Amino acid sequence: MRTKQKWALTLLTALGAMSCGDSQPVDTYQSFIDGTRLDAKFQPTAGCGPLDKDGKPSTLKCYQYSKGWFNGVELSFHNLALTTPKDQLVKTSTATGVSYDFPEGCAIGKPFDQRTDTYPEDIQYSVFDTLPLSSSAIPLVRVKGWTGVSSFTCNAIKNDQSLKDGVFGGGEAEGESYAVRAIIDPTFAYARPNDTAPLTQFTYGWYRSLLLAYLDGGPVPVDGNGNVKTMDGLWLKPTSSSAKPTDLNARLVFQARPGEANWSPVVRLREVTANTTFKSLCYTEPCPEDAFNMASTPVTYTGVLFLGPVLPAVPAP
């Protein structure tokens, strides 16, 4: 039996979803998420701009790119959350959040006018059922499809509770997949160090009728035992004890590039204090001079690293 509070929430959701004078339900837009409540690893970092006249770091915040070596090619990427599970397996059960996609599309509404409109009506954003507020949150989500709602105007749906309460009808499609989708503060998504630095590649989404942005690392392969397929990564650790593999200047070498057979945005990361000129990982001897020998060189397990969008390498600002 539902509690009085849940009945009240359901009633408010249903009433709020009805746009005045509209024949179709529309979840009422409620502004942006409060990005300051996200766990620290999903918030922008300071020091994005050039040094000031006194030589002090800039206070400008943004989501910065790192650079790493992906099977011999240097690429830029967003260096996301690092976790340290007890073993080196990542179970699909660790993905507690759900992101609803709409594979059948939506009805295109009026053209977007940035002067008066708060969101476009030519695409339906994904709808999330949770935000990464705790330090244990990871950017791995279960992706589910919701079908039977293609007749509604794009972005009329903004709240997973509206879906579950039947406001829009339809239902969950069979099956689910997994993806790296790191929710970030949408008010900083466009911030960048200078005019030559690339804009952060992000996608918009919804949570309880609040607009959010997320870094899309893409789909994650899964094996038949419910384990996330990972790829190898190696952190060439400096002697500094304060260094972390999530530092912007961390030297990271990955097993594969996006699109290759061994690629995964979830990385089983190891570390070694070694030559910093390595550009790839080697598993069969003899190894090239610029490849690290993973077959015979001892390394230390560090944890699991999640990668955001990967782009061609960009120059430092």
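Odds and ends about this structure:
- Annotation note: Cβ proximity below 6 Å between a residue of region 106-135 that is farther than 15 Å from THR153 by Cβ and a residue that is exposed (fewer than 15 other Cβ atoms within 10 Å of the Cβ) and of a type outside the set (Phe, Trp, Tyr) (sequence gap 6+ or interchain) occurs for LEU133/ARG37.
- Selection within region 158-185: residues that are small (Gly, Ala, Ser), in a loop (DSSP other than H, G, I, E, B) and within 24 Å of the chain's Cα centre (by Cα). The member of this set that is modelled with the lowest pLDDT is GLY175.
- PHE102 vs. criteria aromatic (Phe, Trp, Tyr) and either open to solvent by less than 40 Å² (accessible area, probe 1.4 Å) or closer than 20 Å to LYS244 by Cβ (or both): yes
- Unique residue being under 17 Å from VAL267 (Cβ atoms) and either out of contact with any strand residue (DSSP E or B) (no Cβ under 6 Å at 6 or more places or on another chain) or free of Cβ contacts under 8 Å to residues at least 60 places away in the same chain (or both) when the list is LEU252, LEU215, LEU236: LEU236
- Test: LEU248 is open to solvent by 20 Å² or more (accessible area, probe 1.4 Å) and modelled with pLDDT of 95 or more: no
- Residue that is under 16 Å from the mean Cα position of the chain (by Cα), more than 23 Å from PHE70 (Cβ to Cβ) and in a loop (DSSP other than H, G, I, E, B), where the choices are TYR190, TYR204: TYR190
- From the options ALA295, ALA274, ALA291, ALA243, residue that is without any contact (Cβ under 8 Å) to a residue 12 or more places away in the chain and either of a type in the set (A, V, I, L, M, F, W, C) or at positive phi (or both): ALA243
- Residue satisfying all of: in region 93-130; aromatic (Phe, Trp, Tyr) and part of a loop (DSSP other than H, G, I, E, B); nearest to LYS229 (Cα to Cα) among these: PHE102
- Test: residue in region 166-187 that is among the basic types (Lys, Arg) and open to solvent by 40 Å² or more (accessible area, probe 1.4 Å): no
- Residue list for region 223-236, restricted to those being crowded, with 18+ Cβ neighbours inside 10 Å and part of a strand (DSSP E or B): VAL228, MET231, ASP232, GLY233, LEU234, TRP235, LEU236
The values are calculated or read from the model by the stated rules, or taken from the named source; none is laboratory data. Nothing here was measured: the structure is a model prediction, and the numbers come from that model. Cβ sites come from the backbone with ideal geometry, for glycine too, and all protein chains shown count toward neighbours. Ligands, DNA and RNA are stripped out before the accessible areas are found, and what is left, the full protein with its side chains, is counted by its heavy atoms. Shrake-Rupley method; radii C 1.70, N 1.55, O 1.52, S 1.80 Å.
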